[in-house]
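Accompanying notes for the structure given below.
The values are calculated or read from the model by the stated rules, or taken from the named source; none is laboratory data. This is a predicted model, so every value here is computed, not measured. Cβ sites come from the backbone with ideal geometry, for glycine too, and all protein chains shown count toward neighbours. Surface accessibility is based on the protein's heavy atoms, side chains included, excluding ligands, DNA and RNA. Shrake-Rupley method; radii C 1.70, N 1.55, O 1.52, S 1.80 Å.
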Amino acid sequence: MKKVLLFTVALFLCTNLFSQSAQYVGAMKAHFLKMKEAKTPESFQAIANGFERIAGAEKSEWLPKYYAAFCYVMQAMSTADKDKVDAIIDQSEKLLEEASILSVNDEIMCVQSLCKSARIGVDPMTRGMKYGMESAKILGQAKALNPNNPRVYYLEGQSKYYTPEAYGGGKKAAKELFEKAVATYAVFKPANELMPTWGDEQTMKMLEECSK
């Protein structure tokens with residue numbers, strides 16, 4: 001009788017965990033679809049809120065915080081009011097810090113780098129050097145962790161593209177990195193269906209710009 005009871009409890013726990021996992025995956029996928037359609041600061045804010053709710057329910061998972069942070073960066077980059085950018089990026093960086101407690105990885109570092117780029121966009125002339133150096137350092141750390149992450153090369157290429165030739169940037173320098181990113185995207189396989197895949201379309205567009 002005791003063995004039957006233990007088996008029943010174990011079966012219940014396994015079924016419950018599976019159900020939670022399926023619910024988590026379903027919620028994440030639903031927000032991925034919304035994220036693909038998002039274009040306005042308001043829509044990115046709404047999706048970030050959704051990912052944060054998932055993070056609140058799945059406290060051991062780093063990906064909901066990661067995607068919420070990513071949406072905040074997209075919100076910052078799409079807002080016309082530059083005075084709002086820093087406060088939005090503060091939210092993103094806070095989430096990334098929390099995600100880093102759960103997992104130290106190159107994907108989180110890529111979004112941390114994007115945060116620096118968003119801050120540069122507020123005033124490139126006064127912020128370019130400071131945040132550009134911080135972004136490059138973070139991407140260097142990401143590449144050391146995983147040299148096969150195509151987003152690293154895409155972001156490095158983007159940085160070069162917007163850096164004046166006098167400082168080592170320009171289309172020619174950026175093109176080599178975008179070509180590397182394209183080649184890396186071609187063989188890249190995410191570890192599972194919830195892992196990041198963004199950047200491939202943007203890379204192709206930037207490569208086309210460099211070829212003009």
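Annotations
- Pair list, Cβ under 6 Å, 6 or more apart: the stretch 94-122 residue under 16 Å from residue 48 (Cβ atoms), other residue open to solvent by 40 Å² or more (accessible area, probe 1.4 Å) and of a type outside the set (D, E, K, R): 96/112; 118/77
- Hey, residue 136 surrounded by fewer than 19 Cβ atoms within 10 Å (Cβ to Cβ), in contact with a Pro (Cβ under 9 Å, 6 or more places away or on another chain) and either among the basic types (Lys, Arg) or assigned to a helix (DSSP H, G or I) (or both) or not: no
- Each residue in the stretch 120-133 was checked for being more than 20 Å from residue 79 (Cα to Cα) and either open to solvent by 40 Å² or more (accessible area, probe 1.4 Å) or basic (Lys, Arg) (or both), and 3 pass.
- Test: residue in the stretch 55-68 that is under 22 Å from residue 123 (Cβ atoms) and in contact (Cβ under 8 Å) with a residue 12 or more places away in the chain: no
- Total residues in the stretch 137-153 satisfying the condition of being of a type outside the set (S, T, N, Q) and out of contact with any Asp or Glu (no Cβ under 8 Å at 6 or more places or on another chain): the figure is 6.
- Criterion violated by residue 86 - all others in (1) open to solvent by 20 Å² or more (accessible area, probe 1.4 Å); (2) more than 22 Å from residue 124 (Cβ to Cβ) satisfied: (2)
Results for (1) assigned to a helix (DSSP H, G or I); (2) of a type in the set (A, V, I, L, M, F, W, C); (3) under 24 Å from residue 35 (Cβ atoms), shown as yes or no for each residue.
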| residue | (1), (2), (3) |
| --- | --- |
| 129 | yes, yes, no |
| 132 | yes, no, no |
| 141 | yes, no, no |
| 147 | no, no, no |
| 157 | yes, no, yes |
| 180 | yes, no, no |
| 186 | yes, yes, yes |
| 192 | no, no, yes |
| 205 | yes, no, yes |
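- Only residues that are open to solvent by less than 90 Å² (accessible area, probe 1.4 Å), at pLDDT below 95 and assigned to a helix (DSSP H, G or I) were counted across the stretch 161-170, and they come to 0.
- Selection within the stretch 193-203: residues that are of a type outside the set (D, E, K, R) and touching a residue at least 24 places away in the same chain (Cβ under 8 Å). The member of this set that is nearest to residue 179 (Cα to Cα) is 203.
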